[in-house]
2 protein chains.
Amino acid sequence: MANGLRDLLRVPPGGPARLDHRDPDDTPGFRGKKAKARAALDDLAPLLSDLQERLFAAATGGSRRRLLLVLQGMDTSGKGGTVKHVIGHLNPAGCRIRAFKAPTPEELGHHFLWRVSNGLPRAGEIGIFDRSHYEDVLAVRVHHLVDKEVWSRRYAEINAWEEALVRDGLVLVKVFLHIGDEEQRARLLRRLDRTDKHWKFSRNDITERGLWPRYRTAYEAALERCSTEPAPWYVVPANRRWYRNWAVSRLLLEHLREIDPRFPPGDFDVEEARRRLLAE
Amino acid sequence: MANGLRDLLRVPPGGPARLDHRDPDDTPGFRGKKAKARAALDDLAPLLSDLQERLFAAATGGSRRRLLLVLQGMDTSGKGGTVKHVIGHLNPAGCRIRAFKAPTPEELGHHFLWRVSNGLPRAGEIGIFDRSHYEDVLAVRVHHLVDKEVWSRRYAEINAWEEALVRDGLVLVKVFLHIGDEEQRARLLRRLDRTDKHWKFSRNDITERGLWPRYRTAYEAALERCSTEPAPWYVVPANRRWYRNWAVSRLLLEHLREIDPRFPPGDFDVEEARRRLLAE
């Protein structure tokens, strides 16, 4: 698969997203089961790690390239698990991870893109957003937190902002982790069964779950209106954790390979440096 | 070894640090060679990972506990390698990593503790400083970047600041990675041999190396004057990477165990939540 996973999972610019036609149990682009996926993930890890080091090194030579992975999905869809199992294979020194919760009063005093702008990766870094500016057209829309007039213009604002970042050297990988209704129920029940998982649970999770149909509508609108040529959305079926981890790793790999970062040449005379070091 | 490594590596409050009496090839507290150390590191990883999750979870229940690992050492002493190989075993979502370079004009406009304050870990997080506020009594002292009158009062300012943080729930683990002069020469030469490592090398590294005796004096002063009861310094012999990785992991483990973070209880009725989930 050259760059095949991107094509398989991408929402066509303008849509349709058709989440009801995408089976969250599916494993597009991967033949095999859990054990094979785990082995494939282990094979991807050193490739990702090498590309990350090159990306980081290239920035010291003046490159502006950087990558931002945006993770969206319903509760329990595996955003945190993806950070742990996919990003956990990278060098943490080159990662900038931000989890976005309900905005603080200070954040609410700014335009909605302000807080995410502050969390963007610098040149050479890989950024990860666990939730993102998309909450401002998802939770905000579902809960009527601002007028329709306000949220409805945000799609175009997001597209313009993202396009400017991409022109500036940022590569955006926007991933929607797609889990099924029954799978979510099972995962929430499992959290209840384990006292060491209770801290991850809140009554609010059940309320949010009841709003699933409205979230689906809001997600489809975001995926369709904001899957653009420079910054497409990818829908990753996420009922199977092993597929989710493999697919996100593979998407990162395809994008990093396209950047093709190179180690910069030194700005010094190697022979002279060697002589000086040996002379002391 | 209960909490033994801390006692073995700690600089006694007030000193002496006696770096010349500490062999950078030594492996205090560890009997064995590379293979055994790597196996021991693999054994430590799940323990650290579990404690990290508990620390993170405890903060959602109101705990203010957090940990900051400060890494200092000469060029090539392995600060970056420690982040990669030790912190790389943790969940990156719970880590806040900052590398401090020469200060920017904005940073210079503030008190020297301003920029490090901005990079501190929040409750539940593990922070890592690759270089730190100690540069303001190390590089700054060696290069006479401010008057002696200014840098000499910084030791007490650091101690007061660190003590206040510790009283507020922060656990400080300050590690000096101690490599030998010949080992540094060998590591710099190896960087010259590999074009994919040239980006890590600058002519300045050789100049800095020439200042080794002055750095040693500055390091000893910092280790002696700022190894306090609430925030001691540890000297980790770092000629052997496998020992360095094991020792820093072990120090983290001992401190996390002392925090003894617990999963917080849920703030909901488990049976009611289960009924609601199953009823839909």
Q: Please list the equivalent ellipsoid semi-axes of chain A, computed as the square roots of five times the alpha-carbon gyration tensor eigenvalues, in descending order and whole angstrom.
A: 35, 23, 19
Q.
Apply the Karplus curve 6.51 cos²θ - 1.76 cosθ + 1.60, θ = phi - 60°, to the phi angles in region B:132-147 and return the couplings in whole Hz, x for Gly and Pro.
A. 6, 4, 5, 4, 6, 10, 10, 3, 5, 6, 4, 9, 6, 6, 9, 5
Q: Only bridges with both residues in chain B count here: give the DSSP antiparallel percent, nearest 5.
A: 5
Q: Using DSSP to define loop residues, name the trypsin sites (Lys or Arg not before Pro) in region A:25-106 whose beta-carbon has at most 16 other beta-carbon atoms within 10 Å.
A: A:ARG31, A:LYS33, A:ARG64, A:LYS101
Q) So, in Å, what gap is there between the alpha-carbon centers of region A:8-55 and region A:80-106? A) 19
Q) In whole Hz, what ³J(HN,Hα) sequence does region B:76-85 give by Karplus (6.51, -1.76, 1.60; θ = phi - 60°), x for Gly and Pro? A) 6, 6, x, 5, x, x, 5, 4, 5, 8
Q. Based on the alpha-carbon gyration tensor of region A:1-70 and its eigenvalue square roots a ≥ b ≥ c, which shape applies: rounded if a/c is under 1.5, prolate if not and a/b is larger than b/c, or oblate?
A. oblate
Q.
List, shortest first and in nm to one decimal, how far the label point of B:ARG257 (7 Å from Cα along Cα→Cβ) is from its counterparts in the other copies.
A. 4.5
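Would you mind ranking A:VAL83, A:VAL166 so that the residue whose beta carbon has the fewest other beta carbons within 10 Å leads the list?
By the 10 Å Cβ count, ascending, the order reads A:VAL166, A:VAL83.
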(Q) Can you give me the long-range amide H partners of B:ALA99? Hydrogens built in the peptide plane at 1.01 Å from N, cutoff under 5 Å, separation of 5 or more residues or another chain. (A) B:ASP130
**Q.** Distant-in-sequence amide H partners of A:VAL173 (H built 1.01 Å from N, under 5 Å)
**A.** A:LEU68, A:LEU69, A:VAL70
Q.
Within 10 Å of each candidate Cβ there may be at most 16 other Cβ atoms; applying that plus a DSSP loop requirement, which trypsin sites (Lys or Arg not before Pro) in region B:151-188 survive?
A. B:ARG153
Q.
Just to confirm my numbers, what's the Cα centroid distance between region B:196-210 and region B:164-179 in Å?
A. 28
Q | Which of B:HIS89, A:HIS255 has the fewest Cβ neighbours within 10 Å, and the rest in rising order | A | A:HIS255, B:HIS89
Q.
If I take every Cα pair under 8 Å that is 6 or more residues apart in chain B, average their sequence separation and divide by the length, what percent do I get for the relative contact order?
A. 36
Q) What is the set of long-range amide H partners of A:GLU125 at a cut-off below 5 Å, with H atoms built 1.01 Å from backbone N? A) A:LEU67
Q. Are any of the pairs A:LYS101/A:LYS197; A:LYS101/A:LYS174; A:LYS84/B:LYS174; A:LYS36/A:LYS200; B:LYS79/B:LYS101; A:LYS200/B:LYS174 more than 21 Å apart by Cα-Cα distance, and if so, which?
A. A:LYS84/B:LYS174; A:LYS36/A:LYS200; A:LYS200/B:LYS174
Q: Find the percent of Cα-Cα distances in region B:125-280 that exceed 19 Å, and round it to a whole number.
A: 68
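Would you tell me the mean number of C-beta atoms belonging to other protein chains that fall within 10 Å of each C-beta in A:90-103, as a whole number?
Average neighbour count from other chains, rounded to a whole number: 4.
Which whole number gives the average, over all residues in B:164-175, of C-beta atoms from other chains lying within 10 Å of the residue C-beta?
Counting other chains' Cβ atoms within 10 Å and averaging over B:164-175 gives 0.
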(Q) Give me a comma-separated list of calculated 3J(HN,Hα) values for region A:172-181, in order, Karplus coefficients 6.51, -1.76, 1.60 applied at θ = phi - 60°, integers in Hz, x for any Gly or Pro. (A) 9, 10, 9, 10, 9, 8, 9, 10, x, 4
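Where a number appears in this text, it was derived from the coordinates with a stated rule and is not lab data. Worth saying up front: this structure is predicted, and the values here are computed from it rather than measured. Methodologically, a virtual Cβ is constructed for each residue, glycine included, from the backbone with ideal geometry; neighbour enumeration extends over all protein chains shown.
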